[in-house]
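The values are calculated or read from the model by the stated rules, or taken from the named source; none is laboratory data. Not measured: the values here are computed from a predicted model. Neighbour counts run over all protein chains shown; Cβ positions are idealised from the backbone, glycine included.
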Amino acid sequence: MAELFNLEPTALWNHFKEVLNIPRPSDHEQQIRDYLIHFAQVGNLNYETDNAGNLIIRKPASPGKQNHPGVCLQSHLDMVCEKNADTNFDFLTEPIHAYIDGDWVKAKGTTLGADDGIGIAAQMAVLDASDLVHGPLECLFTVAEETGLNGAFGLQPDFLRSNILLNLDSEDEGELFIGCAGGMDLTAWFDFLKEFVPDDHIAMRLGVKGLVGGHSGDDIHKGLGNANKILSRFLWEFSDDFDIRIHHFDGGNLRNAIARESETIITLPEIKKHALIQAFTHYQSEVKQELIRTEPDLELVFSEYPLPEWIIDEDCQCNLLNALYACPHGVLSWSQTIPGLVETSTNLAAVKFDQDRIKVTTSQRSSIESAKQNMSNMVESVFLLAGAYTERSTGYPGWNPNPDSPVLKITEKTYEDLFRQKPLVKAIHAGLECGLFLEKYPTMDMISFGPTIKGVHSPDERLSISSTIKFWRLLVEVLKRIS
């Protein structure tokens, strides 16, 4: 962590280091919010919180800029908490263990939290600086973005005073985002009965690990493996051949992350153990060949396991495996108006056992509202056919691109002047809070940009140092030119 002190710009990286020291899982943002409130108090800055837990800190304009346009800088306080299975780490109590590897800042076995910790650090550096030129500033810090955009949903319509908003939650330097997809979640439950394990059975643990994982919006088009799909496919194909019975299935975690790891505890007749191992080993070679470019570290692992006291009933097992195998995952369609933009997708995010039922979490995204609903209907129909009961989230709206945005024109010109190249103007398939802001502030002019962050929502998350320098220079100059 001490290495971060040696990076430029010093103020930005020092604040980022402090952010990494503070646990901030979704719905546990109190520590980071208290830290920021103390920061505001020390700096004699006005602040307030709303009923949702969002925090805003206000800074007066530079001398002579009091009557110039006000700008809101915005990021979210929470981070995705993902770790490798062999990493012992408590996100509620421990600081992130960051280190430098070439041009990248990484974390040891966990997500880094640059999404959106670097946005928080940039806001703090702006609030702390005495040499920047800007109009009236607001820094908005929202809560629970990663688990459902809860802070943006709960934002009060009179909380903000600015008519311009710079969202600092994008992950591709050199790209300016002016639109995003809307999304919703669909959850399915299967009730099961517990049955006795047959006398001649033994137990085994089968698992999938080593996948890249990633963000279910940013990375859904990259052909990455989904551990839930890979494992359920094997079970669907070979359950009858080996008289497999399921005791447990645990795969994936977050609705907006592609499942990296999955495991199941099964029983089967002892006489069929070696044949199953051969089939599982052969299946691994098939899947590795299918994903040879995108998943070089894919592993299918197996081990013996103590015989459990029960297995799920055969009807539930059949329904569950049919649903998981049939459930779509990945890109459904591409935009017909913006080249290279995923229009509609779905993510088979997580499978969890919960008492006497099984919970399956999926999420759908689209830049077209009707297509989002259609995708959710499609996924729901699979689970209804399999006898599950389902529930949909309220969902969140997309952000319709405005190519004539004044702040876009300023940011484009600034980027070109600073770096002698044109930025890419894009929409993003991931969800941003901007769509919800626009609902409550219909006249607000918005843009989103940030440094390059790869492997978001996975322990492979890494932040580019060189792009962070450019991100900071762009932010400072855009604030100056707006004023």
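General remarks:
- Some residue of segment 78-88 being at pLDDT 95 or above and part of a strand (DSSP E or B): yes
- Any chance Gly135 is on the phi > 0 side of the Ramachandran plot and either surrounded by fewer than 23 Cβ atoms within 10 Å (Cβ to Cβ) or more than 16 Å from the chain's Cα centre (by Cα) (or both): no
- Across segment 15-40, the qualifying residues are those that are over 19 Å from Phe89 (Cα atoms) and free of Cβ contacts under 8 Å to residues at least 24 places away in the same chain, and the one among them that is nearest to the chain's Cα centre (by Cα) is Gln30.
- Search result, residues across segment 273-283 that are touching a residue at least 24 places away in the same chain (Cβ under 8 Å) and of a type in the set (Val, Ile, Thr): Ile277
- Among the conditions (1) at pLDDT 95 or above; (2) touching a helix residue (DSSP H, G or I) at 6+ places or on another chain (Cβ under 7 Å), the only one that Ile178 does not satisfy is (1).
- Residue in segment 161-180 that is surrounded by fewer than 20 Cβ atoms within 10 Å (Cβ to Cβ), closer than 27 Å to Lys470 by Cβ and among the small types (Gly, Ala, Ser) present: yes
- Of the candidates Ser333, Ser303, the single residue that is more than 29 Å from the chain's Cα centre (by Cα) and outside any helix (DSSP H, G or I) is Ser303.
- Count of segment 421-479 residues which are part of a helix (DSSP H, G or I) and over 21 Å from Ala125 (Cβ atoms): 7
- Condition broken by Lys106, with the remaining ones in (1) surrounded by fewer than 23 Cβ atoms within 10 Å (Cβ to Cβ); (2) over 23 Å from the mean Cα position of the chain (by Cα) satisfied: (2)
- The set of residues from segment 109-132 being of a type in the set (Gly, Ala, Ser), under 19 Å from Glu461 (Cβ atoms) and buried (at least 21 other Cβ atoms within 10 Å of the Cβ) comprises Gly113, Ala114, Gly117, Gly119, Ala121, Ala122.
- Some residue of segment 435-450 being exposed (fewer than 15 other Cβ atoms within 10 Å of the Cβ), under 15 Å from Glu173 (Cα atoms) and touching a residue at least 60 places away in the same chain (Cβ under 8 Å): no
- Residue in segment 102-113 that is out of contact with any strand residue (DSSP E or B) (no Cβ under 8 Å at 6 or more places or on another chain), part of a loop (DSSP other than H, G, I, E, B) and either assigned by TED's automatic domain parsing to the domain that holds Glu433 or modelled with pLDDT under 95 (or both) present: yes
- Candidates in segment 366-425 are the residues that are at pLDDT 95 or above and at positive phi; of these, the one that is farthest from the chain's Cα centre (by Cα) is Arg420.
Conditions (1) surrounded by fewer than 17 Cβ atoms within 10 Å (Cβ to Cβ); (2) touching a residue at least 60 places away in the same chain (Cβ under 8 Å); (3) part of a strand (DSSP E or B), marked per residue:
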position	(1), (2), (3)
Leu224	no, yes, no
Lys229	no, yes, no
His247	no, yes, yes
Ile271	yes, yes, no
Ser285	yes, no, no
Asp297	yes, yes, no
Leu324	no, yes, no
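- Scanning segment 65-85 for residues that are in contact with a Lys or Arg (Cβ under 9 Å, 6 or more places away or on another chain) and among the charged types (D, E, K, R) yields Asp78, Glu82.
- Test: residue in segment 189-199 that is under 21 Å from the mean Cα position of the chain (by Cα) and either of a type in the set (Lys, Arg) or in a strand (DSSP E or B) (or both): no
- Scanning segment 249-264 for residues that are farther than 16 Å from Ala430 by Cα and either buried (at least 23 other Cβ atoms within 10 Å of the Cβ) or hydroxyl-bearing (Ser, Thr, Tyr) (or both) yields Phe249, Gly251, Gly252, Ala259, Arg260, Ser262, Thr264.
- Candidate set: segment 200-214, residues that are in contact with a helix residue (DSSP H, G or I) (Cβ under 8 Å, 6 or more places away or on another chain), in a strand (DSSP E or B) and not aliphatic (A, V, I, L, M); chosen: the one surrounded by the fewest Cβ atoms within 10 Å (Cβ to Cβ): Lys209
- Residue list for segment 49-65, restricted to those being under 17 Å from Leu160 (Cα atoms) and in contact (Cβ under 8 Å) with a residue 24 or more places away in the chain: Asp50, Asn51, Ala52, Gly53, Asn54, Leu55, Ile56, Ile57, Arg58, Lys59, Pro60, Ala61
- For first residues located in segment 146-163 and under 15 Å from Gly70 (Cα atoms), partners that are surrounded by fewer than 16 Cβ atoms within 10 Å (Cβ to Cβ) and at pLDDT 90 or above and lie 6+ apart or on another chain with Cβ distances below 7 Å form the pairs Asn163/Thr443.
- Selection status of Ile246, touching a strand residue (DSSP E or B) at 6+ places or on another chain (Cβ under 7 Å), of a type in the set (Val, Ile, Thr), at pLDDT 95 or above and within 17 Å of Ala350 (Cβ to Cβ): yes
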